[in-house]
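Before any comments, here is the structure.
The values are calculated or read from the model by the stated rules, or taken from the named source; none is laboratory data. Not measured: the values here are computed from a predicted model. Cβ coordinates were reconstructed from backbone atoms using ideal geometry, including for glycine residues, and neighbour counts include every protein chain displayed.
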Amino acid sequence: MEHRVELSLEPRVEHKSGNDEPHLTQHLQQHYETEAEVLGLLVDLEARYRQYYNLYQCEMLAQKTLIERIWLLTQRYLILISSEQSCRYPEVYTLSTEEAIVNEYEEKLEVLRASNNTMKKSLLDINQHCKEFYAAYERLDKAQETPFIMGDSHHRSIKYHKIMAVDVFNYLYAMVLKLKCYMHQLDPVNLESVEEYRDLLHNESLMEEFDEYLKVHFVYCRCLQPSQTCPIVKLKCSHQNLVNLKYVSRM
């Protein structure tokens, strides 16, 4: 008696379970997914802070140029108003000169104000991403002894990076608020306020330490950083505003 074997031409459908890694419990699977989400948000946050820091450095260069001109205008204004007391007819020649100094002073001050507002707005935008990172971090199961939670020989713990993220924002935001506070003290008749603002801009020692902190320590893994495709990075900073100033400085 012959036995015939019929071959089915229909494709065999294999039913896979929803869990690609069946050796993991559902809780552990969710934890690893949250770890991946937190890591992605952290790497994105690192990139945003580096981009902001480049903007900050560009703004500082523009502000240094502005404050030197404001310092000179303040000196000229003080000399002008002091000479009026000994002049018999001060209105003959000082009115147009005083108006020109005040107009240029206000123009430079407005660019300075816009620069600080730009940095503040950029930081507040970053803060929204910080909140997303903090919220995802809180969903982690801190009791899990994974390399992401505990850290390993090549990476610090995620808690360490979360603390650094808070410190970086607080430092940069405090710096912007300090600049805005000093800027509000600027006055054409107060040379000391201009010199204090100028000293604040030239205090590079603290920023050198922060530069290392941001670019060396606040990095989870350099292999996750995107490679630069072009060495020329265009920043939207106050340098372009210096070119478009109405009142040309006379040095």
Kindly check whether there is at least one residue in the stretch 202-219 that is at pLDDT 90 or above and hydroxyl-bearing (Ser, Thr, Tyr).
no
Checking Arg198 against (1) more than 17 Å from Glu68 (Cα to Cα); (2) modelled with pLDDT of 90 or more: exactly one of these is not met. Which one?
(1)
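Could you pull out the residue among Glu84, Glu98, Glu110 that is part of a helix (DSSP H, G or I), modelled with pLDDT of 90 or more and of a type in the set (Asp, Glu)? Lay out the reasoning, then the answer.
Details: Glu84 fails: modelled with pLDDT of 90 or more; Glu98 fails: modelled with pLDDT of 90 or more.
Exactly one of Glu84, Glu98, Glu110 is part of a helix (DSSP H, G or I), modelled with pLDDT of 90 or more and of a type in the set (Asp, Glu), namely Glu110.
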Of (1) more than 20 Å from the chain's Cα centre (by Cα); (2) within 28 Å of Leu109 (Cα to Cα); (3) of a type in the set (Lys, Arg), Arg139 satisfies every one except (2)
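Can you tell which of Tyr137, Tyr171, Tyr160, Tyr105 is hydroxyl-bearing (Ser, Thr, Tyr) and touching a Lys or Arg at 6+ places or on another chain (Cβ under 8 Å)? Before the answer, list the steps.
On the way: Tyr171 fails: touching a Lys or Arg at 6+ places or on another chain (Cβ under 8 Å); Tyr160 fails: touching a Lys or Arg at 6+ places or on another chain (Cβ under 8 Å); Tyr105 fails: touching a Lys or Arg at 6+ places or on another chain (Cβ under 8 Å).
Only one candidate passes the filter, namely Tyr137.
Kindly provide the set of residues from the stretch 129-138 that are surrounded by 13 or more Cβ atoms within 10 Å (Cβ to Cβ) and either over 18 Å from Asp44 (Cβ atoms) or among the charged types (D, E, K, R) (or both), ordered by number. Can you show your working first?
From the stretch 129-138, those surrounded by 13 or more Cβ atoms within 10 Å (Cβ to Cβ) are 129-130, 132-134, 136-137; that's our starting set.
Hit for the stretch 129-138 is Glu132, nothing else.
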